[in-house]
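Let me begin by presenting the structure, written as structure tokens, before commenting on it.
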Amino acid sequence: MSPASGTDGILAVLIVGAGFSGVAMAIRCREEGIGPIAVIEKGAGIGGTWRENTYPGAACDVPSHLYSLSFAPKADWSRLYAKQPEIEAYLRGVAESHGLMPLIRFGTTLRRAVWDEGRALWRAETDRGEVLARAIVSGAGGLHHPALPAIPGRDDFAGPSFHTAAWDHSIDLASRAVGIIGTGASAIQVVPELARSAAHLTVFQRTPPWIMPKNDRAIPPERQARYARHPILRRLERARLFWRLELPALVGFTRVSKVTAQAEAMARHHLRKAVPDKDLRRKLTPTYRFGCKRVLLSDEYYAAVQQDTVTLETGSIARIVPDGVEMIDGTRHRLDALVYATGFDVVGGSLRTEVVGRGGRRLAEAWADGMQAFQGITVSGFPNYFILLGPNTGIGHNSIIAMIEIQVRHVLDCLKTLAKGSQAIEVRDPVQTRFVERIRNRMKESIWQAGGCSSWYLDAKGRNTTLWPDSVLAYRRSARRARLSDYRLD
Ligand code: N01
């Protein structure tokens with residue numbers, strides 16, 4: 001992997017993925033003089049999830065002045081919640097302005113990574129050959145392997161059909177009868193767009209989401225100019241947004257509490273104001289607790305499902321037939337095109353790349369009892385292997401980029417230790433066990449487990465191995481620094 005490799009052909013760090021995680025990691029490695037490094041990216045460009053999810057209406061649901069890297073500010077975000085093209089362009093601009101492009105191998109997928117104990121390095125097998133690296137940082141993320149539902153007849157559908165994360169822009173959906181399965185974060189954004197263009201839209205809802213107003217709006221050019229002239233104002237705005245979102249976490253949002261009931265009352269009020277029809281309102285009212293599934297923000301979804309050209313179908317799907325969808329009560333919805341807004345295979349996806357650690361142990365074996373990692377970053381038995389946005393580090397209440405930056409800092413501490421001459425750094429087994437027990441205990445009565453819903457947060461055994469059960473501040477305290485006493489050095 002020249003010219004980024006060292007003279008011995010061995011990288012100091014191989015970073016996997018050129019999304020927010022990989023880009024942040026690569027920039028900070030270079031700033032700290034850690035090298036040589038290289039980034040491999042399966043896609044054709046920078047952006048990760050923001051390059052892949054190009055469905056109409058795709059946007060962030062955390063305000064952009066917060067949903068951006070702390071060391072790469074952007075004064076001229078055009079909206080409170082930027083849309084996908086602006087976020088993708090932002091990240092590409094950050095990578096370019098930090099000189100990352102020559103270090104990135106696009107169109108390169110990591111197939112397998114094997115720890116070579118004798119040489120204390122990773123052999124990374126990619127579809128373009130082998131790469132040797134002292135350390136691997138996975139910035140591959142969890143939300144990019146589309147989960148297609150196991151509905152009978154899925155392959156029989158005669159018209160175009162695709163997942164929201166693999167939007168087929170060559171298909172003109174205008175003036176067609178379109179169906180969309182799912183009502184999660186992706187659906188809520190795409191439904192208003194489809195409702196505007198399709199001749200008819202059928203929304204297949206299995207479980208209604210809790211929805212709060214988004215209050216999205218353009219940021220006036222004068223304000224953008226002010227942020228550019230006075231960076232302190234932009235920083236203050238970022239801090240204000242952070243604390244506003246962090247507040248629920250500080251008052252214990254992870255459990256069913258008075259706060260849950262207050263939030264439910266606010267969401268019901270939003271629904272009542274937006275949907276006068278009682279029957280429709282009943283269909284749109286969740287029967288599980290607020291926060292059990294990801295809470296969604298939208299100013300447009302309720303209006304969209306009330307359009308004359310939109311049907312909200314809440315029955316159970318029996319099968320997909322060549323010209324539509326058949327419900328168990330026999331109703332048939334005739335469709336020209338079908339969109340799957342059915343989410344991602346988070347657990348299966350994270351094990352798609354085979355990682356073989358010390359003693360030939362595979363990560364899939366280490367995770368047979370559920371995904372786990374110390375601080376969500378390091379796994380015992382897998383020296384010099386780091387995961388960004390690994391197990392139990394997802395959040396729904398604040399900016400995930402804050403979590404990424406905390407993790408990048410933790411990994412940098414470890415990489416600096418390697419740079420000082422250690423061959424390998426590995427989390428001590430009891431340290432990881434204690435950490436995981438702490439998380440599992442916190443999860444026991446959490447809203448995600450006790451809130452009366454199922455979600456992608458939970459694995460097949462009903463355990464939450466995806467979310468961080470506390471505030472960003474608590475994670476910062478826990479993970480910001482890598483304490484050498486938690487690690488074993490060789
Ligand atoms: O996926 P989801 P998503 N029959 O898993 C339904 C992030 N994100 O792509 O609730 C019928 O949330 C399923 O129904 P149910 C964010 O972290 C962020 O929307 O399981 N329906 C559900 O309604 C988010 O959490 C943004 O009963 C079926 C939907 O499909 C994550 O990505 C935007 C079904 C899946 O919802 C995933 O969101 C978009 C079946 N067999 C995404 N199978 C931002 O704004 C599944 N469903 C930043």
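The values are calculated or read from the model by the stated rules, or taken from the named source; none is laboratory data. Since the model is a prediction, treat every value here as computed from it, not as a measurement. All Cβ positions, even for glycine, are placed from backbone atoms using ideal geometry, and neighbour counts span all protein chains on display. The accessibility values were calculated without ligands, DNA or RNA, using every heavy atom of the protein model including side chains. Shrake-Rupley method; radii C 1.70, N 1.55, O 1.52, S 1.80 Å.
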Criterion (within 23 Å of ALA199 (Cα to Cα) and in contact with a Ser or Thr (Cβ under 7 Å, 6 or more places away or on another chain)) met by exactly one of VAL321, VAL339, VAL325 = VAL339
Restricting attention to region 22-49, which residues are assigned to a helix (DSSP H, G or I) and either open to solvent by less than 20 Å² (accessible area, probe 1.4 Å) or without any contact (Cβ under 8 Å) to a residue 24 or more places away in the chain (or both)?
-> GLY22, VAL23, ALA24, MET25, ALA26, ILE27, CYS29, GLU31
Residues satisfying the stated conditions in region 109-138, i.e. under 21 Å from the mean Cα position of the chain (by Cα) and surrounded by 18 or more Cβ atoms within 10 Å (Cβ to Cβ) | LEU110, ILE136, VAL137, SER138
Working only within region 335-351, note down all residues that are open to solvent by 40 Å² or more (accessible area, probe 1.4 Å) and either more than 18 Å from PHE386 (Cβ to Cβ) or not assigned by TED's automatic domain parsing to the domain that holds ILE40 (or both).
-> ASP336, THR342, ASP345, VAL347
Select from region 333-382 the residues that are within 16 Å of the ligand (Cβ to nearest atom) and among the aromatic types (Phe, Trp, Tyr) and list them in ascending order.
-> TYR340, PHE344
When you go through PRO248, PRO220 one by one, which is the residue that is more than 23 Å from the chain's Cα centre (by Cα) and either outside the structural domain of THR164 (by TED's automatic domain parsing) or surrounded by 19 or more Cβ atoms within 10 Å (Cβ to Cβ) (or both)?
-> PRO220
Being within 15 Å of the chain's Cα centre (by Cα) and assigned to a strand (DSSP E or B), is that true of even one residue in region 12-21?
-> no
Just one of ALA239, ALA228 is away from the ligand (no atom under 16 Å from the Cβ), within 30 Å of MET25 (Cα to Cα) and free of Cβ contacts under 8 Å to residues at least 24 places away in the same chain; which is it?
-> ALA239
Of all the residues that make up region 201-222, how many are out of contact with any Lys or Arg (no Cβ under 8 Å at 6 or more places or on another chain), more than 13 Å from the ligand (Cβ to nearest atom) and either free of Cβ contacts under 8 Å to residues at least 60 places away in the same chain or more than 17 Å from SER298 (Cβ to Cβ) (or both)?
-> 3
Filter region 308-318 for residues that are touching a residue at least 40 places away in the same chain (Cβ under 8 Å) and either under 30 Å from the mean Cα position of the chain (by Cα) or surrounded by 19 or more Cβ atoms within 10 Å (Cβ to Cβ) (or both) and give the result.
-> VAL310, THR311, LEU312, GLU313, THR314, SER316, ILE317
